[in-house]
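Asks: Dropping the structure in here first, questions after.
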Amino acid sequence: MSPARRIAFRILARVEEGAWASELLLAHTANIDPRDAGLAREIVFGCLRHQAQLDFLIARHAGRKRLDLAVRIALRMGIYQIRCLDRIPSHAAVSDSVELVKSAGLRSAAGFVNAILRRTNNEAVEWPDRPTELSCPAWLLERWDRHFGSEAATAIAREFLRTPETHIATTGRVQDIAAQSIVPLLHLHPGETFLDLCAAPGNKTAQAIEAGVDALACDLHPHRLRALADLNCRRIALDATEALPFNTKFDKILVDAPCSGTGTLGRNPEIKWRLQPSDLPDLRARQVKILRNALAHLAPHGILVYSTCSFEPEENEDVIAEIGGHWQTHQLGGFFAAVTSHTTYF
């Protein structure tokens with residue numbers, strides 16, 4: 001069996017339990033052949049991006065038959081490869097999917113998986129509805145329709161079905177081009193004190209350090225701060241929704257707030273299937289608390305940037321409106337940023 005498919009199968013099973021695909025891929029493909037690593041990545045992210053389409057095709061063949069999760073994952077993988085990966089021989093996708101089901105202890109389902117995949121082809125499909133065609137939850141698509149119009153919403157959802165471009169920042173880290181536009185809004189100078197309040201995984205912290213600042217990186221989860229171990233900065237685990245434990249103020253502050261992540265669904269497609277409408281008010285409440293606490297530590301003549309990787313107004317303009325003051329806002333692809341200074345805010 002292909003090691004790429006074996007790894008992809010395990011990762012997709014873990015994602016169903018709440019893990020993050022990108023983190024698992026980084027951990028499980030570091031020491032394997034780059035070709036296998038690339039195929040594992042393509043299968044994992046492809047299955048997650050196209051999940052609604054794949055499940056529709058499975059249901060069309062399986063009807064109301066209740067499927068074990070391992071069977072569903074193997075079928076998603078097989079159908080995705082047959083329909084979307086031209087360079088993969090169909091027989092390889094079929095045989096390895098059957099073997100994956102057997103290895104999961106479900107030999108009785110092997111014939112079923114084999115039969116469905118042998119009936120699968122890459123011909124055009126008449127999808128039952130727009131959410132299935134765009135592989136996007138109906139509630140999220142409806143929100144985007146209201147905020148951006150149907151044409152723009154469709155374009156956004158369709159773009160998230162494509163593999164996003166990978167960019168290597170000057171820091172040597174992989175980072176979206178739009179994300180690299182956030183830190184420059186702070187106008188950093190050597191020697192300034194810099195607080196990155198929600199720092200992990202550290203890409204923006206690394207950008208700031210390149211400017212020569214004295215950086216302090218914080219995050220709620222200690223294990224996530226380990227991703228910053230290679231950076232020349234102090235690290236503190238704290239809950240930024242609580243009063244900050246500092247008796248000093250900072251020249252520059254970045255609040256790259258925890259958010260829904262709807263601006264990064266191409267790179268983190270599992271978000272589509274986890275996020276619920278009820279999550280947005282809770283996220284907004286946290287964001288407001290974090291931003292208020294950060295503003296209390298902004299030095300005279302200092303600059304603060306609030307940013308998210310979300311399209312949702314509740315997390316962006318609505319947070320700024322609740323905080324009040326004077327802000328300059330920027331929509332940078334799937335990223336939002338708002339800039340204020342001690343002079344203009346207070």
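The values are calculated or read from the model by the stated rules, or taken from the named source; none is laboratory data. What you see is a predicted model, and the numbers here were worked out from it, not measured in a lab. Here the Cβ positions follow ideal geometry from the backbone for every residue, glycine too, while neighbour counts run over all protein chains shown. We work out accessible area using only protein heavy atoms, side chains counted, and drop any ligands, DNA or RNA first. Shrake-Rupley method; radii C 1.70, N 1.55, O 1.52, S 1.80 Å.
Asks: Given the condition surrounded by fewer than 17 Cβ atoms within 10 Å (Cβ to Cβ), hydroxyl-bearing (Ser, Thr, Tyr) and more than 22 Å from Trp127 (Cα to Cα), answer yes or no: does some residue in the range 106-117 qualify?
Replies: Start the filter on the range 106-117 by keeping residues that are surrounded by fewer than 17 Cβ atoms within 10 Å (Cβ to Cβ), which leaves 107-108, 111, 114-115.
Narrowing the set further to residues that are hydroxyl-bearing (Ser, Thr, Tyr) leaves 108.
Subset that is more than 22 Å from Trp127 (Cα to Cα): 108.
Within the range 106-117, one or more residues are surrounded by fewer than 17 Cβ atoms within 10 Å (Cβ to Cβ), hydroxyl-bearing (Ser, Thr, Tyr) and more than 22 Å from Trp127 (Cα to Cα).
Asks: Right, something else. Consider Cys259 against the criteria (1) in a strand (DSSP E or B); (2) open to solvent by less than 60 Å² (accessible area, probe 1.4 Å): it satisfies all of them except one. Which criterion is unmet?
Replies: Checking Cys259 against (1) in a strand (DSSP E or B); (2) open to solvent by less than 60 Å² (accessible area, probe 1.4 Å), the one that fails is (1).
Asks: Looking at Arg286, Arg292, can you tell me which residue is modelled with pLDDT of 95 or more, within 23 Å of Leu188 (Cα to Cα), open to solvent by 40 Å² or more (accessible area, probe 1.4 Å) and assigned to a helix (DSSP H, G or I)?
Replies: On the way: Arg286 fails: within 23 Å of Leu188 (Cα to Cα).
Checking each option against the conditions leaves just Arg292.
Asks: Residues of the range 277-302 being farther than 20 Å from Trp327 by Cα, free of Cβ contacts under 8 Å to residues at least 24 places away in the same chain and not charged (D, E, K, R), which ones? Quick ask: steps written out before the conclusion?
Replies: Residues of the range 277-302 that are farther than 20 Å from Trp327 by Cα, as a first pass: 277-283.
Then keep just the ones that are free of Cβ contacts under 8 Å to residues at least 24 places away in the same chain; that gives 278-279, 282.
Scanning the range 277-302 gives a single hit, Ser278.
Asks: Here's another thing I want to ask about it. How many of the residues making up the range 216-242 are closer than 20 Å to Arg173 by Cβ and either out of contact with any Lys or Arg (no Cβ under 7 Å at 6 or more places or on another chain) or open to solvent by 30 Å² or more (accessible area, probe 1.4 Å) (or both)? Full working, then the answer.
Replies: Step one: list which residues in the range 216-242 are closer than 20 Å to Arg173 by Cβ, which gives 216-219, 221, 223-235.
After this cut, where a residue has to be either out of contact with any Lys or Arg (no Cβ under 7 Å at 6 or more places or on another chain) or open to solvent by 30 Å² or more (accessible area, probe 1.4 Å) (or both) as well, the list is 218-219, 221, 223-224, 226-227, 229-235.
So the count comes out to 14.
Asks: Another one. Kindly provide the set of residues from the range 330-346 that are of a type in the set (Val, Ile, Thr) and modelled with pLDDT of 95 or more, ordered by number.
Replies: At the first step, the residues of the range 330-346 found to be of a type in the set (Val, Ile, Thr) are 339-340, 343-344.
Correct list: Val339, Thr340.
Asks: Can you say whether Phe194 is closer than 27 Å to Met77 by Cα and touching a Leu at 6+ places or on another chain (Cβ under 7 Å), as far as the supplied structure shows? Step through it out loud before you land on a result.
Replies: Working: closer than 27 Å to Met77 by Cα: no; touching a Leu at 6+ places or on another chain (Cβ under 7 Å): yes.
When the stated conditions are applied, Phe194 does not pass them.
Asks: Something else: Given (1) within 27 Å of the chain's Cα centre (by Cα); (2) exposed (fewer than 13 other Cβ atoms within 10 Å of the Cβ), identify the lone condition not met by Glu123.
Replies: (1)
Asks: Same structure again: Of everything in the range 305-329, what is open to solvent by less than 40 Å² (accessible area, probe 1.4 Å), part of a helix (DSSP H, G or I) and of a type in the set (Asp, Glu)? Give them in sequence order.
Replies: Glu315
Asks: Related question: Restricting the search to the range 264-280, which residues are of a type outside the set (Ser, Thr, Tyr), in contact with a helix residue (DSSP H, G or I) (Cβ under 9 Å, 6 or more places away or on another chain) and outside any loop (DSSP other than H, G, I, E, B)?
Replies: From the range 264-280, those of a type outside the set (Ser, Thr, Tyr) are 265-277, 279-280; that's our starting set.
With in contact with a helix residue (DSSP H, G or I) (Cβ under 9 Å, 6 or more places away or on another chain) added as a condition, the list becomes 265-273, 275-277, 280.
Within the range 264-280, Glu270, Ile271, Lys272, Trp273, Leu280 meet the criteria.
Asks: Right, here's the next one. Report, by residue number, each residue of the range 330-346 that is open to solvent by 50 Å² or more (accessible area, probe 1.4 Å) and within 11 Å of Val305 (Cβ to Cβ).
Replies: His330
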